[in-house]
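One structure is given below, encoded as structure tokens.
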Amino acid sequence: MNCMIRLLVLIAALALPACVAANVGVSPRPEPRPAASETGRTAPGPATFSDWLGSFETRARAAGISAATLERARPHLRYRSETISLDNRQSEFGARIWDYLDSAVTSARISQGQSAMRQHAGTLSRIESRYGVPPEVVVAIWGIESSYGANRGRTPTLATLATLAKDGRRGAFFEAELIAALEIVQAGDISPQAMIGSWAGAFGHTQFMPTSFLRYAVDFTGNGRRDLWGDDPSDALASAANYLSQRGWQRGQRWAVELRLPEGFDLGLTGQRQSADAWARAGVTPAEGGRLPQGAARLILPGGANGPAFLAYDNYDVLKEYNISDAYVLALGHLSDRLRGGAGLRGQWPRGDRALTLAERKELQRRLNAMGHDTAGIDGRLGPASVAAVQAWQRANGLPPDGYINAALLARLRE
Ligand SMILES: [Ca+2]
């Protein structure tokens with residue numbers, strides 16, 4: 001899990017076209033979390049952990065945590081210096097989308113996922129009836145988040161959150177998560193000592209953060225506890241489906257379809273959203289053959305004009321609510337397709353491209369702004385404004401306007 005979280009943080013810094021690579025932080029969990037590029041620390045807290053704990057307990061009481069709950073939790077509200085070392089690990093380079101896909105959608109993960117689908121077929125079918133999310137999507141989340149429960153994490157959550165609340169890069173964010181974790185203990189779902197998870201505070205089969213747990217976790221087994229930690233994954237799988245359902249998942253709709261683009265296709269349509277019929281009129285067909293599924297969809301070219309093309313349906317954006325990284329959504333969606341027997345991607349990624357450094361990403365933005373193409377800031381985050389600025393520059397220079405950012409594009413900007 002830790003490796004994956006780190007990789008996602010790196011991906012957040014990557015040049016992904018048509019992509020909001022801005023807000024992936026500590027873990028691929030639904031709620032807002034520290035942005036990867038926010039490296040500044042919060043104001044220094046009280047000198048010692050016990051000073052901090054004293055003032056925190058006052059705030060926790062004001063937020064509705066009882067004295068009895070604090071009494072139970074107190075032995076577990078410890079400082080973990082290794083948490084801060086992990087939090088401070090930064091990398092200069094972004095990872096590449098295809099590297100993430102390679103690591104997330106392996107043949108082992110596909111076959112394990114298919115056997116998990118058989119093993120839990122009854123539960124998954126009941127989950128689909130209630131929440132409208134198909135088994136392969138629920139199981140793909142499970143596979144990517146915890147390798148089907150094998151990597152739920154063993155780090156004590158209360159100590160992790162207390163440490164990050166006191167000294168982490170986003171103290172206020174983690175203090176809110178810590179109070180949510182104490183609410184979970186207070187509600188009786190789990191004991192303080194059994195609440196374990198990732199180094200960054202996410203837990204269980206589907207790696208929820210505590211605030212997401214409070215909002216979306218369900219007791220699907222009906223035993224009175226929302227159990228995301230135990231060996232039975234039923235509650236966790238239903239909770240993930242409930243999350244997607246609450247965020248607008250449309251029953252019966254695909255997440256995305258890989259495309260075949262016709263010769264001479266207008267790449268200026270990249271990023272635009274229109275009906276499947278309009279896309280069909282533009283000559284776009286599914287790479288696997290057949291007809292495009294109905295519904296409005298957006299054209300995305302995550303590897304530029306030379307990589308695979310996709311129509312992203314509205315469910316793509318619902319998956320993005322689970323994690324803002326396009327690399328994550330592509331991996332999750334593609335794994336779900338493979339779990340139901342789909343083929344690998346037909347398009348080839350531009351594997352020769354390396355990731356840009358933070359300095360290079362800022363330079364790219366500076367140069368675009370100097371040429372009158374507004375990137376909405378020079379922060380190294382290549383979000384929609386930067387992609388649109390690249391497309392505008394490409395159009396002005398007679399290049400295919402795919403918005404794809406790589407070292408060759410930067411070299412052209414320097415000319
Ligand atoms: Ca339960």
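At a glance:
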read-out: Relative contact order of the chain, defined on C-alpha pairs under 8 angstrom at six or more residues apart (%); value: 23 percent
read-out: More than 13 Å apart - percent of Cα-Cα pairs taken over the stretch 358-414; value: 51 percent
read-out: R414 paired with S129, simple spin-label distance in nm, labels 7 Å along Cα-to-beta-carbon; value: 6.2 nm
read-out: Amide H within-cut-off set for M371, under 5 Å, with H built and near neighbours excluded; value: none
read-out: Which of F265, F220 has the fewest Cβ neighbours within 10 Å, and the rest in rising order; value: F265, F220
read-out: Rounded if a/c under 1.5, otherwise prolate or oblate - the chain, Cα gyration tensor axes; value: oblate
read-out: Long-range amide H partners of F208 with built H, under 5 Å; value: F203
read-out: Efficiency of FRET from Cβ geometry, T285 and S85, R₀ 51 Å, rounded to 0.05; value: 0.50
read-out: Residues K166, K362, sorted so that the one with the fewest Cβ neighbours within 10 Å comes first; value: K362, K166
read-out: GNM result for the chain, Cα springs below 10 Å: residue of A194, A385, A240 fluctuating most strongly; value: A194
read-out: Added length on full extension, which subtracts the Cα-Cα distance from 0.36 nm per residue, S66 to E321; value: 88.6 nm
read-out: Net charge over other residues, Cβ less than 15 angstrom from the Cβ of A278 (K, R count +1; D, E count -1); value: +2
read-out: Note, ³J(HN,Hα) from phi for the stretch 226-241, Karplus 6.51, -1.76, 1.60, rounded to Hz, x at Gly and Pro; value: 8, 10, 8, 9, x, 5, 6, x, 3, 4, 5, 5, 5, 5, 5, 5
read-out: Rough spin-label spacing in nm, given labels placed 7 Å along Cα→Cβ, for N223 and R59; value: 3.5 nm
read-out: Alpha-carbon centroid distance for the pair the stretch 212-240 / the stretch 347-379, whole angstrom; value: 42 Å
read-out: Label-point separation, S111 to A278 (7 Å along Cα→Cβ), nm; value: 4.5 nm
read-out: Segment D231-R351, length gained on full extension (0.36 nm per residue, minus Cα span); value: 39.3 nm
read-out: Relative contact order of the stretch 358-414, defined on C-alpha pairs under 8 angstrom at six or more residues apart (%); value: 31 percent
read-out: The chain, helix-only ellipticity at 222 nm - DSSP H runs n ≥ 4, -39,500 (n - 2.57), divided by all residues, nearest 500; value: -14000 deg cm²/dmol
read-out: Choice from N315, N323, N397 with maximal GNM fluctuation in the chain (Cα, 10 Å cutoff); value: N397
read-out: Rounded to whole Hz, the Karplus (6.51, -1.76, 1.60) HN-Hα couplings of the stretch 272-287, x for glycine and proline; value: 8, 10, 8, 6, 4, 4, 5, 5, 4, 5, 7, x, 7, 10, x, 4
read-out: GNM top mover of G149, G122, G168 - the chain, alpha-carbon springs below 10 Å; value: G122
read-out: Residue exposure sequence - M195, M371, M117, M209 - by fewest surrounding Cβ within 10 Å; value: M371, M117, M195, M209
read-out: Built amide H within the under 5 Å cut-off of G197, gap 5+; value: R154, T155, T157
read-out: Within the stretch 330-415: Cβ-based charge dipole about Cα centre, in debye rounded to nearest 20 (Lys, Arg +1; Asp, Glu -1); value: 200 debye
read-out: Charge dipole (debye, nearest 20) of the chain; +1 at Cβ of Lys and Arg, -1 at Cβ of Asp and Glu; value: 160 debye
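Each reported figure results from applying straightforward, stated rules to the coordinates on display, with no laboratory input. Owing to the predicted nature of the structure, the values given are computational and were not obtained by experimental measurement. Neighbour counts are summed over all protein chains in view; Cβ atoms, including those assigned to glycine, are modelled from backbone coordinates with ideal geometry.
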